[in-house]
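FYI, it's all coordinate maths here, none of it is from the lab. Just so we're clear, the structure is a prediction, and the values are computed from it rather than from any experiment. Quick reminder, even Gly has a Cβ in these numbers, built from the backbone with ideal geometry, and neighbours come from all protein chains shown.
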Amino acid sequence: MLKRIFDLFFSMVGLIILAPFLFIISISIIFDSRGGIFYTQKRVGKDNIDFSMFKFRTMRTGSDKKGLLTIGDKDSRITNVGYFLRKYKIDELPQLINILKGNMSFVGPRPEVRKYVDLYSSDQLIVLSIRPGITDFSSLDFINESEILSQSSNPEETYINEIMQLKLELCKKYIKEKSFRTDLKIITKTILKIIGK
């Protein structure tokens, strides 16, 4: 209950305070490349139910048809403004809307696309027992995931067999240790990591 109150209050406050900044970003996206301001993608949330997750659009329209994974900072599909938004995780800010709607929380396992969730073992499905979040232990450890994948000769295979498995273990760790205090620590560490970039 405390977690949900925290999520509701700070997502509303965040959207109000950041409104001028979000407007500037929206205008920048429009002038930088053709396409909409937002990118919505079906992700799998709590209780294995699909929902639409919001992000600022950082790629050229139709880029997801060429693959779901982003490979390195120099992925040619990413727009000029998109590089900046991704580097500082600003593209994730529209997920404050998801938090208001109750699809997501500030802290929780990062929501995955159905294609990869279908590969989860019965043990790994426990990560779908709570609301997904904007950040968690796996987000901290794999904040440079796209750069890691850029070093692989087969990025998708590396993601499925290595990175995804490690991320799921970290998600399960979060579920075991979840508390309001843990959430505050993760939020603080996430902000510091982003500033550090």
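Brief remarks on what is shown
- From least to most packed, judged by other beta carbons within 10 angstrom and beginning with the fewest, Arg86, Arg4 follow the order Arg4, Arg86.
- Taking Met12, Met59, Met104 in turn, the Gaussian network model of the chain (Cα-Cα springs below 10 Å) assigns the largest fluctuation to Met12.
- Proximity of backbone amide H atoms, modeled 1.01 Å from N, is registered between Tyr39 and Lys55, Phe56, Arg57 at under 5 Å, excluding neighbours fewer than 5 places apart on the same chain.
- Most mobile of Thr58, Thr79, Thr40 in a GNM of the chain (Cα contacts under 10 Å): Thr40
- Per residue convex hull volume, Cα atoms of the range 2-196, in Å³: 116
- Based on Cα contacts under 8 Å between residues 6+ apart, the range 2-196 shows a relative contact order of 23 percent.
- Theoretical gain in end-to-end length, Phe180 to Leu192 [0.36 nm per residue, Cα-Cα removed]: 2.5 nm
- One decimal place: the segment Thr158-Asp118 gains 12.7 nm when fully extended, by the rule 0.36 nm per residue minus the C-alpha distance.
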